[in-house]
Number of protein chains: 2
Amino acid sequence: MYGKRMKGEIIAIGNELTSGRIANTTSGFAARQLFEAGYEIHAMHTIGDSPSLIGEALKRAIDSVDFVIVTGGLGPTDDDLTNEAVSVALNRPTMPNPEILSLIRAHLDEISCSPVSPLEKLAWLPVGAEALNPQGKMAGYQLIHDNKPIFFLPGVPRQTEKLLTDHVLPRLATWYPGSRLSTCRRLFKIFDMSEMEVNARIATLNLADDVAIGYYPVFPEVHLSLIIRDIRGNNPEPLFRNACTVVNTLLGDVIYGHDQESMELVVGSLLRNTGSTVAMAESCTGGLISHKITTIPGSSDYFLGGVTSYSNAMKINYLHVDQALIESKGAVSAEVAKAMAEGIRTGTNADIGLSVTGIAGPDGGTEEKPVGTVFFGLATAEHCRVWPFKFSGSREQIQEITAFTGLNLIRKYLLKKSGRTTSS
Amino acid sequence: MYGKRMKGEIIAIGNELTSGRIANTTSGFAARQLFEAGYEIHAMHTIGDSPSLIGEALKRAIDSVDFVIVTGGLGPTDDDLTNEAVSVALNRPTMPNPEILSLIRAHLDEISCSPVSPLEKLAWLPVGAEALNPQGKMAGYQLIHDNKPIFFLPGVPRQTEKLLTDHVLPRLATWYPGSRLSTCRRLFKIFDMSEMEVNARIATLNLADDVAIGYYPVFPEVHLSLIIRDIRGNNPEPLFRNACTVVNTLLGDVIYGHDQESMELVVGSLLRNTGSTVAMAESCTGGLISHKITTIPGSSDYFLGGVTSYSNAMKINYLHVDQALIESKGAVSAEVAKAMAEGIRTGTNADIGLSVTGIAGPDGGTEEKPVGTVFFGLATAEHCRVWPFKFSGSREQIQEITAFTGLNLIRKYLLKKSGRTTSS
């Protein structure tokens, strides 16, 4: 069986999901865990609390794949209909499961509750059900049907996630030993290059068929996912390492990070590693750049602080921008961006002062300076550079891409300073 | 047809979804919009980039329901396979759609791009496709198959959400006129009261069976959803209005807003309506409160700016906090919070100065001041109040609930000042 892909389906049950009131996070969590453990998810379904639809989906899944995971509808209230649906669809009458019933009774006894509690409904399970977690209070269960394991888990995200990790994955590994694919996976995080341009550069590669590449715009970034699995039973590591090197070389500095790395984490690490401190003077981003930097634990080691100068008076009084300069050039101008960056740097004694002034919209634009016009300044002890940008999108998007661009300017400055890049 | 429920299915496509790498948010958004417009979602499916699986799911959906919405796989890159799958499954060859092709060529011309661009792939659509948004650059399309409308939308959440609201819902309403259930729905947004306490207060109500109430913790808030549908053909409006009044009365001021209102929008409206200006002095939130306020268009009318004092030097030099006070009481203390609030208020001449200083963690806590210890100061011309709080959770959660609490303190101050509440 080595190298065969074991396929599964995930079925999530609940009217709160099909009416869009609650976001279904458990299916995605389960898919990620299963993918990383070497299985493949064929499809994920979300279905309301309807026994006939649940039964249909379950039977179809059992016919198509090697294992099925069902979440939701196991609780004690009247709208929990999964067990009833399973019973009818798989022709397995529900009976009190002695193991689970005794657990529930012990629990009821412990909390001095009436022995005939609605909680006892939890023990009425389709014949053949086996508790996933016989020690725990709230247990999902497993059925073996048509020689395939079917797992039933509660819909509550934390419980489902724990049962999945601690009980479902080990049982699957025992049921299908040696059948998991070893998987190599890397996410390349790209800023300042369009999805199409990334695609065009990578398309020139002659990659092996086993290499799966995906492109995903995740505003304001582009993510490139590279996945290799040992489909023919070969160790994918050497091929994977080679492909990663090629992608890194072809894209270069527009890759700001990999996998779980965020832009603020990468910038924070560069600041820490170069022993540099930074301070911000923000106008149109309203503090977003500072906030992003401070999401990283320990950022007080390199981030001194910032001024959100949302009024001209604050630019003048807190950043020492010349009032006459604001009047002659406008608050949104290269000259004011330069003065803001220099003002915050000298005021805080930081190694780097970054400033941003712009028009986030939706109002406030002019013909000369439309919405999306943004100027950045980056001041150091040696010099102060200024960049004009023109972004588009909603107010929220302009604020987000402006913050990202500001962080990226710090990143590129520090890469260049530390000699880790040749481009400017 | 009045009162008949029109049923739909949603199919989301992409390996990034079935491998759990990207959370599928568009299906839930679509389900909510459709539910609110009076339709019912029968099932939601998520499928990888496999033409055969996509085709199967599409055919099955067309057989089961009245309309289908398909998202994802329409882009210009090599892994976008939806059109190919639709073409085979529905036996409709792909051809360049003249309407869309001319739009793309006009766009390419505008940006001076080569006329044979990968973007032209976007125009190769199954025969019968009609652009959803013939004026826009990125368009989804509609097919009428077996006399049922099928909508194909890109996977990018923002584009999908906009096309859904602006083009899919109006087309559905035309296609199935008068068939929607009239639905009354209100979301009550609650801060500073636990889900269980909200539940306990509302449970004393004797609401009609047609009234559906749901409780959802959405960190750091609690949302209460109230839904009434005209299942028996009666106008639900009077019952709905009555239920809303009762909920508002029972919960009072802990309801900060309804439906789409955010805390920063509510606070912004109060500042505007009372003619008040505000300035921030933030430590542990790193600019998050300022940023939240500035997400609202026009916020420069009442928000003057802020200082993110992430170092003691900034507290001293920019907020005029006494160095000796920091040394004796600590940067995280009621006394420093008070001095920060007064410092930013007098420095900016704002009506309200709000300060926050605390320990967001995961490190930096002490026995006396553990992680999650936060002090707020609110200074006005008349007085300065200080509040100590103790939050728990991750760094991100502590920053978020701190920002929310800071905004809520401004809200409560302004409500009291304008005589709109009796509680303190």
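Looking only at the stretch B:72-95, residues that are surrounded by fewer than 24 Cβ atoms within 10 Å (Cβ to Cβ) and in a helix (DSSP H, G or I) come to 5 in all. The set of residues from the stretch A:307-316 being among the polar types (S, T, N, Q) and more than 7 Å from every other protein chain (Cβ to nearest Cβ) comprises just one member, A:312. Here residue B:329 fulfils each of the conditions (1) at pLDDT below 95; (2) within 30 Å of residue B:363 (Cβ to Cβ) apart from (1).
Is it the case that residue A:356 is open to solvent by less than 30 Å² (accessible area, probe 1.4 Å) and either under 20 Å from residue B:299 (Cα atoms) or among the acidic types (Asp, Glu) (or both)? Answer is yes for this residue.
Looking across the stretch B:288-306, the residues that are without any contact (Cβ under 8 Å) to a residue 40 or more places away in the chain, within 7 Å of chain A (Cβ to nearest Cβ) and surrounded by 23 or more Cβ atoms within 10 Å (Cβ to Cβ) come down to B:290, B:291, B:294, B:303, B:306. For the stretch B:269-287, name all the residues that are within 12 Å of chain A (Cβ to nearest Cβ) and either open to solvent by less than 10 Å² (accessible area, probe 1.4 Å) or farther than 21 Å from residue B:394 by Cα (or both). Selection gives B:277, B:278, B:279, B:280, B:281, B:282, B:284, B:285, B:286, B:287. Scanning the stretch A:170-183 for residues that are among the hydrophobic types (A, V, I, L, M, F, W, C) and crowded, with 19+ Cβ neighbours inside 10 Å turns up A:172, A:181. Residues that are in contact with a Gly (Cβ under 6 Å, 6 or more places away or on another chain) and more than 16 Å from residue A:148 (Cα to Cα) within the stretch A:51-76 comprise A:71, A:72, listed in sequence order. Looking across the stretch A:210-266, just one residue is in contact with a Pro (Cβ under 6 Å, 6 or more places away or on another chain) and in contact (Cβ under 8 Å) with a residue 60 or more places away in the chain, and that is A:230.
Going by what's in this entry, would residue B:338 be described as more than 8 Å from chain A (Cβ to nearest Cβ), touching a Gly at 6+ places or on another chain (Cβ under 9 Å), open to solvent by 20 Å² or more (accessible area, probe 1.4 Å) and under 25 Å from residue A:300 (Cα atoms)? Yes: the conditions hold for residue B:338.
Can you find a residue in the stretch A:62-71 that is small (Gly, Ala, Ser), outside any loop (DSSP other than H, G, I, E, B) and out of contact with any strand residue (DSSP E or B) (no Cβ under 9 Å at 6 or more places or on another chain)? The answer is no, given that none of the residues of the stretch A:62-71 is small (Gly, Ala, Ser), outside any loop (DSSP other than H, G, I, E, B) and out of contact with any strand residue (DSSP E or B) (no Cβ under 9 Å at 6 or more places or on another chain). Within the stretch B:48-61, the set of residues being of a type in the set (Asp, Glu) and part of a helix (DSSP H, G or I) comprises just one member, B:56. For residue A:236, the conditions (1) open to solvent by 10 Å² or more (accessible area, probe 1.4 Å); (2) over 22 Å from residue B:287 (Cβ atoms); (3) of a type outside the set (A, V, I, L, M) are fulfilled apart from (1). Taking the listed residues A:328, A:333, the one that is over 31 Å from the mean Cα position of the chain (by Cα), open to solvent by less than 30 Å² (accessible area, probe 1.4 Å) and among the hydroxyl-bearing types (Ser, Thr, Tyr) is A:333, with no other qualifying. Evaluation of residue B:121 against the conditions (1) within 18 Å of residue B:51 (Cα to Cα); (2) at pLDDT 80 or above; (3) open to solvent by 70 Å² or more (accessible area, probe 1.4 Å) shows that the sole unmet condition is (2). You will find that of A:398, A:344, the residue that is closer than 25 Å to residue A:277 by Cβ and outside any strand (DSSP E or B) is A:344 and no other. Listed by position, the strands (runs of 3 or more DSSP E) inside the stretch B:214-320 whose residues that are farther than 14 Å from residue B:407 by Cα and in contact with a Phe, Trp or Tyr (Cβ under 9 Å, 6 or more places away or on another chain) number at least 3 are B:221-229, B:303-309. Can you work out which of the residues in the stretch A:1-43 that are touching a strand residue (DSSP E or B) at 6+ places or on another chain (Cβ under 8 Å), of a type in the set (A, V, I, L, M, F, W, C) and assigned to a loop (DSSP other than H, G, I, E, B) is nearest to the other protein chains (Cβ to nearest Cβ)? The selected residue is A:22. Determine if the stretch A:29-50 includes at least one residue that is touching a Pro at 6+ places or on another chain (Cβ under 9 Å) and either surrounded by fewer than 23 Cβ atoms within 10 Å (Cβ to Cβ) or of a type outside the set (S, T, N, Q) (or both). Among the residues of the stretch A:29-50, at least one is touching a Pro at 6+ places or on another chain (Cβ under 9 Å) and either surrounded by fewer than 23 Cβ atoms within 10 Å (Cβ to Cβ) or of a type outside the set (S, T, N, Q) (or both), which makes the answer yes. Taking residues in the stretch A:186-205 that are away from every other protein chain (no Cβ under 12 Å), and partners anywhere that are of a type in the set (Gly, Ala, Ser), the pairs with Cβ atoms closer than 7 Å and at least 6 places apart or on different chains are A:189/A:257. The number of residues in the stretch A:401-424 that are assigned to a helix (DSSP H, G or I) and β-branched (Val, Ile, Thr) comes to 4.
A quick yes/no check of all residues on (1) within 11 Å of chain A (Cβ to nearest Cβ); (2) polar (S, T, N, Q); (3) in contact (Cβ under 8 Å) with a residue 40 or more places away in the chain:
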{"position": "B:50", "(1), (2), (3)": "yes, yes, no"}
{"position": "B:53", "(1), (2), (3)": "yes, no, no"}
{"position": "B:56", "(1), (2), (3)": "yes, no, no"}
{"position": "B:62", "(1), (2), (3)": "no, no, yes"}
{"position": "B:66", "(1), (2), (3)": "no, no, yes"}
{"position": "B:77", "(1), (2), (3)": "yes, yes, yes"}
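Whether a residue is at pLDDT below 85 and within 25 Å of residue B:41 (Cβ to Cβ) was assessed, and residue B:139 passes this test. Checking each residue of the stretch B:178-185 against the condition of being over 30 Å from residue B:261 (Cβ atoms) and either in contact with a Cys (Cβ under 6 Å, 6 or more places away or on another chain) or in a loop (DSSP other than H, G, I, E, B) (or both) gives at least one match.
Residues that are surrounded by 14 or more Cβ atoms within 10 Å (Cβ to Cβ), farther than 30 Å from residue B:362 by Cα and touching an Asp or Glu at 6+ places or on another chain (Cβ under 8 Å) are absent from the stretch B:216-225. Residues in the stretch A:370-402 that are within 14 Å of chain B (Cβ to nearest Cβ) and over 22 Å from residue A:291 (Cα atoms): A:371, A:390, A:392.
The values are calculated or read from the model by the stated rules, or taken from the named source; none is laboratory data. Treat the numbers as computed from the prediction; the structure is a model and nothing was measured. Every residue, glycine among them, receives a Cβ derived from its backbone with ideal geometry; neighbour counts consider all protein chains shown. Accessible surface is based on the protein model in full, side chains and every heavy atom, while ligands, DNA and RNA are left aside. Shrake-Rupley method; radii C 1.70, N 1.55, O 1.52, S 1.80 Å.
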